[in-house]
Each structure stands twice: as structure tokens, then as C-alpha cells.
1. Rounded to a whole number, what is D in µm²/s for the stretch 209-303 from Stokes-Einstein with the Kirkwood radius over alpha-carbon pairs (10 °C, 1.306 mPa s)?
2. Answer rounded, prolate or oblate for the stretch 220-363, using the Cα gyration tensor with square roots of eigenvalues a ≥ b ≥ c: rounded when a/c is under 1.5, else prolate when a/b is larger than b/c, else oblate.
3. Taking the chain as the reference, fit the longest principal axis to its C-alpha atoms, fit the long axis of helix 120-133 to the helix C-alpha atoms, and give the angle between the two in degrees, 0 to 90, nearest 10.
4. Measure out, as a whole number of angstrom, how far apart the alpha-carbon centroids of the stretch 315-337 and the stretch 180-231 sit.
5. Please report the equivalent ellipsoid semi-axes of the chain, computed as sqrt(5 x eigenvalue) of the Cα gyration tensor, largest first, in whole Å.
6. About the Cα centre of the chain, what is the dipole size in debye to 20, counting +1 per Lys and Arg Cβ and -1 per Asp and Glu Cβ, all else neutral?
7. Residue separation times 0.36 nm, minus the C-alpha to C-alpha distance between Val358 and Tyr4: what's the value?
8. Taking the Cβ of each residue in Val136, Val242 as the centre, tally the other Cβ atoms inside 10 Å and list the residues starting with the fewest.
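Every number in this text was worked out from the coordinates using simple rules, so none of it is lab data. Note that the coordinates shown come from a computational prediction; the quantities given were computed from them, not determined experimentally. Reconstructed Cβ throughout: ideal geometry from the backbone, glycine too, with neighbour counts over all protein chains shown.
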Amino acid sequence: MSGYPETSPADAYDLAPPRVPRPIVILGAGGIVRDAHLPAYRKAGFPVWGIVNRTVARAQALADEYGIPRVFGAVADAVRAAPADAVYDLALMPEQYEEALAQLPDGAAVLIQKPLGQNLRDGLALRELCHRKGLVAAVNTQLRFAPYIAEARRLIAAGAIGELHDFEVRVSVDTPWHLFPNVLGLERLEINSHSVHYIDLIRSFLGDPASVSAVTVRNPGRPEIANTRSLIVLHYDRPIRVTVSTNHDHSYGSAYEESFVKWEGTRGSIRAQMGLLLDYPRGGTDALQIALREDSGRGWRDVPFEGSWFPDAFVGSMGALQRYLEGSASSLPTAVDDVIRTMAVVDAAHDAHDRGGVVPAAT
């Protein structure tokens, strides 16, 4: 096998739990906290010390449901009362990150919901703030830790499908935008809210691309919503095709919906179906399959795994931060210093779209 990044993944990706989970203070009480963070932490046995939200009644409702002992209406109040070893779980909108981070104790640990700002400029400002305060800051790019991704990562590192030469993410679904009213006014929607996951996932395997090509467009029938369909090509200094293709306006029934990540190598291929995006938020079937050239007569066969993107990947992202804090993981792959480079690719994709492609020569 080559010395490419996917052959030696960080130990934080093995999904082992922290030895002694630290108390968590959740900042925010929105849908992602209700649907993913709290179910994940209950499943993993991570203690939630308190929850903060400006609308206290919303936080109190979640506290009552999940047995959270403390509710606060302001970040500063929670910080004054929180234990010194608390991990802050920042689950707010990006425009609220700076104000919340500024109120955390210097040197605190924090897991910041993705994206790291609405653009690279915002992300750089947030990174500088984290450095200035000495925060141990990670970004909750949790798809890296989805159980089927973790198993695919293990197989690829072990050489099961040989040297990678193709990496594809394809999503063609009918996304219920009405469930996300906070994003409807954004100038940048699809890449920042959805494809950021896939760009970040690719980077977690292959490292940083050399360049980016992209197109991202609106649906003319839905002028109230920003870009909902994208095609992104990541160029690497190696013989590999890397693409992200998304269409969130496929409103023609489920027969031809798609939601998968596929890796192809010199010996075989692995395909992970992301069931969550099929009939969201109820979700369809997750699947992980492998096909090997040497077993061509067997075709695709199932690879066992346990769990799903929601909520299990959120266990992995919080667990990785806590393991790094306690020293049982040697690195923090989702640190702000890494994920800022995901935001650089996001910005590059928008820039590539704005610049257009190569004009064919006149003939």
C-alpha cells in the first residue's frame, strides 16, 4: 500500500469511548440538540450537566425529557456555575458563535457545531478567537464518525480494496426545507449546510485537495431558497477522481433517490448508503457493502456495523474531543485548525462557480 493519508487514520476514528466522560454544558436547545446531541449522549452515557437557551422554556422542556439538572438563560450564568472540567457543546447558529465563545473560560474545551462560520473569513476570525483564549476547540463535523464511515475507514486502511482511485458522494433527495426555517434566508445554502459534510469527509480520508472545481445553482421554481444543487470536483496530486454531486430538489418519488458514499480501489469497492437523507427526518435504510475483484462471482456483500449517522456519529465527535483531553487519543482530527481547511475548500467551491469554467477555443 502507498503512504497516502487514508492508510493511517487517526486513532480518534476508532470510536472507542473516553475512559471517564466529562460533564457537558450544551449551549442551545434547537432541533439538532433534540434530535441528535441529547439522544447520542444518553446512549453513550455522557453526563449532561446543564443546558443554556435564551428561550428558557425550550431548554426546560429538553431538561425535563432528558433529566438534565440545570437550565440557564444566559451563557455567562452557566459558565459561572459549571465545573472546571466541563466540555461546552456549542449548538447555535454560526452568527452566534463568536459571542458564545468569547464568554467561555480561557483554556476550556468546546465542540462547535458545523459549519465553522458562513465563510472562510468568519472561520478565520473564530479560529483566532479560539487561539487567543487557549480553547481546546473541535468542530462537530460528525459524518466522519458515522458507524458505516468508521467501518469503511478501517477496511480501507487495512488495504481491503487496494489503492483508492475513485471517491464519490452522491445525494439526490427531496429535502424538506420547511423544517429548517433558519437557513432559508442564507445567501449560501447547499454547500455550507450539506456539502460541507462531504467535503470534510473527503478531507478526513485524502487530506487537502490541490484545487477545486464547482457549480452550485438555485431551483428557479423555488426563488425563496438559495442554492440547492451542486457538483464539486476536488483535484488531488495523485490519480484519483473525487466528486460530490447533490440535488436536494428531487421531488419525483423515492424510486430514484440516492444517498451514498462510494470508494473504489484497485482491488474492490465499498459503498455506504446514508439512509438518514432518504425520507428525512424519518430516514431510510443504512447499508455498507463491499465488492472485491477476486470474488467477482459473489458480487456485493453486506458489511456489518452498528448504529447510524443520527445519533451515533455525535457520540463519536464528542468522544473524540474527550479522548484527546484525557490523553487516550493522540490527536484531535476535528480541531479548528483542521476544519478551517474544510471552510477554505467551501469558499473555493463558491469562487470556482463564480469564475465559471474554461471557455472552449473558437473554431
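1. 100
2. rounded
3. 40
4. That distance is 26 Å.
5. Over the Cα atoms of the chain, the semi-axes work out to 33, 24, 21 Å.
6. In debye, rounded to 20, the chain gives about 240.
7. This chain segment gains 124.4 nm when fully extended.
8. Working: Val136 17, Val242 22.
If I rank by nearby Cβ atoms, fewest first, I get Val136, Val242.
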